[in-house]
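*Asks:* What follows is a structure written as structure tokens; I'll ask about it next.
The values are calculated or read from the model by the stated rules, or taken from the named source; none is laboratory data. Just so it is clear, the structure is predicted and the values come from calculations on it, not from any experiment. Please note: Cβ atoms are built from the backbone with ideal geometry, for glycine as well, and neighbour counts cover all protein chains shown.
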Amino acid sequence: MRLPAVPGKSFAVTGARRAGKTSFLWIDGLPEAQRREALQTVQRKELSIEKLETKDNGREIDVPGGLIHHWVGTAFVQGASINDALAILQDYNEHHRIYAPTVAASKLQSRDGDRFMAYCSGAIHCAHCGAQ
């Protein structure tokens with residue numbers, strides 16, 4: 001599969017977890033030993049992050065002039081609800097402020113239910129959205 005690169009960075013976030021197609025929390029879908037290690041990491045107030053690979057039928061996806069970043073992770077924020085976390089994560093128009101100085105510019109381009117298309121450009125590499 002080949003996807004065209006676009007100015008800045010565009011990415012989509014799907015709601016597979018929210019739709020119940022897989023474990024809602026990434027950590028709950030891990031094998032027991034990895035899950036235990038990830039839980040210990042977040043209990044120490046550290047981030048548990050894993051780089052994933054995005055493939056199309058087992059093949060690399062070619063994006064001329066662009067990159068695909070696929071990361072997943074878990075963090076514990078005492079007193080925060082899932083709605084609090086979603087409000088921040090889905091506020092793409094404010095990511096340049098929330099994640100400054102890593103993210104220099106951000107804008108929600110479109111939303112269809114739980115699918116988001118957003119522009120993100122970074123001052124330095126951003127593991128959250130892939131901006132560079």
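*Asks:* State all residues of region 36-69 that are surrounded by 13 or more Cβ atoms within 10 Å (Cβ to Cβ), of a type outside the set (A, V, I, L, M, F, W, C) and within 22 Å of D114 (Cβ to Cβ); if no residue qualifies, say none.
*Replies:* Correct list: E50, H69.
*Asks:* Among residues belonging to region 70-86 that are among the hydrophobic types (A, V, I, L, M, F, W, C) and surrounded by 12 or more Cβ atoms within 10 Å (Cβ to Cβ), point out the one that is nearest to F116 (Cα to Cα).
*Replies:* Of everything passing the filter in region 70-86, L86 is nearest to F116 (Cα to Cα).
*Asks:* The conditions are (1) modelled with pLDDT under 85; (2) surrounded by fewer than 10 Cβ atoms within 10 Å (Cβ to Cβ), and P31 fails exactly one of them. Which is it?
*Replies:* Looking at each condition in turn, P31 falls short on (1).
*Asks:* Does region 68-75 contain at least one residue that is at pLDDT below 85, farther than 22 Å from S23 by Cα and within 16 Å of the chain's Cα centre (by Cα)?
*Replies:* Yes: region 68-75 contains one or more residues that are at pLDDT below 85, farther than 22 Å from S23 by Cα and within 16 Å of the chain's Cα centre (by Cα).
*Asks:* Could you pull out every one of the strands (runs of 3 or more DSSP E) wholly within region 31-132 that has 2 or more residues that are among the hydroxyl-bearing types (S, T, Y)?
*Replies:* 103-112, 115-122
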